[in-house]
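Nothing in this text is a laboratory measurement; each read-out follows from the coordinates by a stated rule. Because the structure is predicted, anything quoted here is derived from the model rather than measured. Backbone-built Cβ (ideal geometry, glycine too); neighbour counts: all protein chains shown.
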Amino acid sequence: MRHSSDQRKSPSHDRLYAPIDTAPTATAAEEDGITATMTHDGENEAPKHRTHADSEQSTATITPQKDDATTLEGHEQRPPLPPRTSLLGDRPTTPLSPRKRPAFQSKPTTAVSSVDIQTLSFPDGSRGTFPTPGSRSVSDAGHGISGGTSTPSSRKVSQNGSEFDDSTSLMSYTPTLRANGDLASLLDEGLNSQSPAWKLLSSQADNVNPFETIDYEDNALLNFDHEFDEVEAVDSKGGNEEQVLLQWKGKLKHYLILSSAGKPIYSRHGDQNLINGYIGIIQTIISFFQDGKDPLMGFTAGDTRFVVAIEGPLYFVAISKLRESDSQLRAQLEALYMQILSTLTLPTLTQLFTNRPNTDLRRPLEGTETLLSSLADSFTKGSPSALLSALECLKIRKSQRHAINNTLLKARTEKLLYGLVVAGGRLVSVIRPKRHSLHPSDLSLIFNMLFEAGSVKAGGGENWIPVCLPGFNKTGYLYMYVSFINAHDGEESSSDQRPSTAGSSPEDEIAILLISTDKESFYELKQMRDDVVAQLERNGSMDIIKTAVRQGRPSTADIVPGTQLRHFLYKSRANVQFMMPSFSPDFSSLLARRKLMSLYHNLHASTHAKHSHVKVLHCVARDSISLVWTTPLFEFYCVAGPNASRAGLAQGANKVIQWVKREEERVFIIGGAVF
Amino acid sequence: MAARGPAGSRVGNSRFAQFKLVLLGESAVGKSSIVLRFVKDQFDSYRESTIGAAFLTQTISLDENTTVKFEIWDTAGQERYKSLAPMYYRNANCAVVVYDITQASSLDKAKQWVKELQRQANENIIIALAGNKLDLVTEQPDKRAIQTADAEAYAREAGLLFFETSAKTAENVRELFTSIAKKLPLDQAGPRNPRSGGRGGVELRPDTQGTQAGGPCSC
């Protein structure tokens, strides 16, 4: 039920997605249990997803032959890895031996099963064989995640899954039921060997967008529309208790923060009366393991994953049905902890609990619940920035950014530590002292405060905010001057004439942030801000920023016209920055965006699992196809509709990467301005 | 934060003066709402807590010839920001101490603030006591926790201006600031800030040197 480390499950991530560098036929005995577990889980939950490990070769050459083969060569030059078990049927005829079944599996009898060989006919007349365990699938269907796993599961490999069993015969006769890319590429070297009729059929459906098809088996996100609704308060008579509890339990994601003494500090959903009992339970469970010097890291109940993080006197718990990996959830908890430090500083926090272990931290934190909640909500919606631990920049020309940097540098006052111009959470310009860099996690906290939580912006005017940036120095406060400029205003909004922010989205807000170590430097920084804004107006930079903000992010089609890609993330590792196109048109709704982000989370988890050496990963699901590609320089994730061809996906990926290379100095801040 | 006394100028018959005002009081009594009503004539029932402090300005005309500009520090009411308060009330010409007429404890907190101001702030500081959320008791009189007479008696005793206000309905908000402005020593207004004498409030003066005052800093 628990693991003392992540290692137990993580090695199997790579296998889930049929990594290219897996030695397909080797078996490593000590990993058997793990491998088998994953197989088992995959069947249970996500029979519809499959990858292409069966055809090692075709997976390895994602780039179609006609494309220049340079793009993916990186991974081919890697040294051979030690032998590992492949999760997928290594060879059609290799039976999955009983000893591969996990010891803690819930249904041992069904697990031990022989493998049937099924033959498939393809439209072009070719045939293929697959190992499928005969008896298991049906009896196992309907189970949630079995204990011990927390891997993103919606896209797990399951060539042995029940659905496969049930539908193979159908498929062989009516190929149109499936996406063409799916089966064809499973065995075919390329797509060129398809019959003309097949091509004709597939071309008609080429434009299906990711997640467009109704996903009737995946009801995990059924309640997502209500995820951000407030849970009603239990009324005094308790008449609605049951209903409230139902609402509370219906939430896909919970965050609980409590003190080691069991005092509630924060809960995303539900009022104190509702959660108190659960806080008590979780405190008991965590404390039990604390005593044993073997701290609880996480556990699973049904399809819900609980991840625990302990930071000094504080316990953080993430409860998720969104199938994120443990390390992803842990990073989210870390961000919540950083938010608390940002309010209190570490010495204050420690002192509070040293003096009185029973401290109720809600009072010292009063007023910052909204910051915690907006962090929690952005994780629940899915935040590319949080996932990649990277920042996004506003795309402007290099010379334009240079001009803005210089304006800031020129107007710099003595007390200034950091100076930033930020537009809708995207960095426009930063100036910093030579010896200090800015930590991305600190900036995320600031951006969350300014652009996600409305408290600062709604006040209008200028703000002077004491804030601890834990990445910079977790023991003390810095003082931050903030003023907003609306991108839709004809003129800059000084404190006198700032219009209501009601009509504009946070994306349209431009903020000038000036950070100092001196709490008395407000007027000095205010003067600097006035100088900076006046100068930016004069040299035309302000108009450039406003125009760029109003334009928003380009769509994928703007970047690569005619591409089959629908969305992508590109993270520049060296710059700790990422770039992405707009979520619209395909992912404008909250639900579509969450599905997209879930997919990215899964891809990310597979390539970032401990001991994972996956560099390129191609994932095919019923509702989308996707690709991850990591190199020392970048991480690239992209998605296309289920009927897009793999060649199209790879081609799109190449084009985007070429585009980013070309535009690198526009989409990223490289170097930055120092003084 | 350099010394910033009352500032003002006289052009022909018209007077212009600028004053620093600070709002203090327990959290959630409605300080920001009062400011929002005064500055933008807006109200937002689901306001999030102020983080740190907000700096706003608003100009009012007392009569045809007299214009008063308030530089307002809207502070956060939470305990953890308490140590920063002196920075905001130092050199303030006036203060509004706010309590919530439906919360008895908030008046106690207000009294503490008044005491602190009278001990630590400018000697001549003008303090106004504002009992906010008047709209709540208009609807439901039994919600009132602090009687007007009690608060008024205290205010008289301590030498404070006193108003019961509603940021929601705007009742008495403008009156509060106007009566503060009337009590301020308009005629002694000297140069606002020796360092940046020509700047700030530029747009309000007829004979200003133009909006380009804020050129690049010399440093």
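Cβ crowding within 10 Å, taken as a proxy for footprinting-reagent exposure, orders B:136, A:513, B:24 from fewest neighbours to most as B:136, A:513, B:24.
Based on the Cβ-Cβ distance from residue B:143 to residue A:539, what FRET efficiency comes out when R0 is 56 Å, to the nearest 0.05?
Values: r = 56 Å, r/R0 = 1.00.
According to the calculation, E is roughly 0.50.
Shown in residue order for region B:15-22 are the 3J(HN,Hα) couplings computed by the Karplus curve 6.51 cos²θ - 1.76 cosθ + 1.60 at θ = phi - 60°: 10, 10, 9, 10, 9, 9, 10, 10 Hz (x for Gly and Pro).
Just want to confirm a number: the relative contact order over region B:25-80, from Cα pairs under 8 angstrom separated by 6+ residues, in percent. Write out the running numbers ahead of the final one.
Details: 66 pairs, mean separation 20.9, N = 56.
Relative contact order comes out at 37 percent.
For Cα pairs less than 8 Å apart in space and 6+ apart in sequence, what is the mean separation divided by the residue count of region A:286-381, i.e. the relative contact order in percent? Here the relative contact order equals 18 percent. Bridgeable lysines around residue A:610 (alpha carbons under 16 Å apart, same-chain partners fewer than 8 residues away excluded): A:9. Cα gyration tensor of region A:612-675, axes a ≥ b ≥ c as square roots of the eigenvalues: rounded (a/c below 1.5), prolate (a/b > b/c) or oblate? Prolate, because a/c is 1.5 or more and a/b exceeds b/c. Extending 7 Å from the Cα toward the beta-carbon at both residue A:356 and residue A:240 defines two label points whose distance is 3.4 nm. Between residue A:291 and residue A:520, the simple spin-label model (points 7 angstrom out along Cα→Cβ) gives 5.4 nm. Taking 19 Å as the limit for the C-alpha separation, the pairs B:20/B:183; B:20/B:133; A:457/B:40; B:82/B:183; A:410/A:526 exceed it in the case of B:20/B:133; B:82/B:183.
Using 0.36 nm per residue, how much length does the chain from residue A:414 to residue A:611 gain when fully extended, once their Cα-Cα distance is taken away?
Numbers: separation 197, 0.36 × 197 = 70.92 nm, distance 4.75 nm.
This chain segment gains 66.2 nm when fully extended.
Placing +1 on the Cβ of every Lys and Arg and -1 on the Cβ of every Asp and Glu, with no other charges, gives region B:1-123 a dipole of roughly 360 debye about its Cα centre. Taking a ≥ b ≥ c as the square roots of the eigenvalues of the alpha carbon gyration tensor, region B:46-167 is rounded, as a/c is under 1.5. Remark: region A:520-528, residue by residue, has Karplus-estimated 3J(HN,Hα) of 9, 9, 3, 5, 5, 6, 4, 4, 4 Hz, where x stands for each Gly or Pro and the curve is 6.51 cos²θ - 1.76 cosθ + 1.60 at θ = phi - 60°.
Once you have the Cα-Cα distance between residue B:111 and residue B:45, take 0.36 nm times their residue separation minus that, and quote the gain in nm to one decimal. Mind dumping the intermediate values first?
Details: separation 66, 0.36 × 66 = 23.76 nm, distance 2.60 nm.
That works out to 21.2 nm of additional length.
Counting Lys and Arg as +1 and Asp and Glu as -1, what is the net charge of the other residues whose Cβ lies under 13 Å from the Cβ of residue A:468? Each step should come with its number before you reach the end.
On the way: positive: A:474, A:519, B:80; negative: A:442.
Taking every Cβ under 13 Å from that of residue A:468, the sum is +2.
Between residue A:232 and residue A:249, the modelled labels are 1.7 nm apart [label points 7 Å from Cα along Cα→Cβ]. Panel order for B:15, A:356, by other beta carbons found within 10 Å of each beta carbon, from fewest to most: A:356, B:15. Taking amide H atoms as placed 1.01 Å from N in the peptide plane, the amide H of residue B:101 lies under 5 Å from those of B:132, each 5 or more residues away in sequence or on another chain.
Along the axis of the charge dipole computed for region A:336-450 (Cβ charges of +1 for Lys and Arg, -1 for Asp and Glu, origin at the Cα centre), the listed residues A:371, A:344, A:430 are led at the positive end by A:430.
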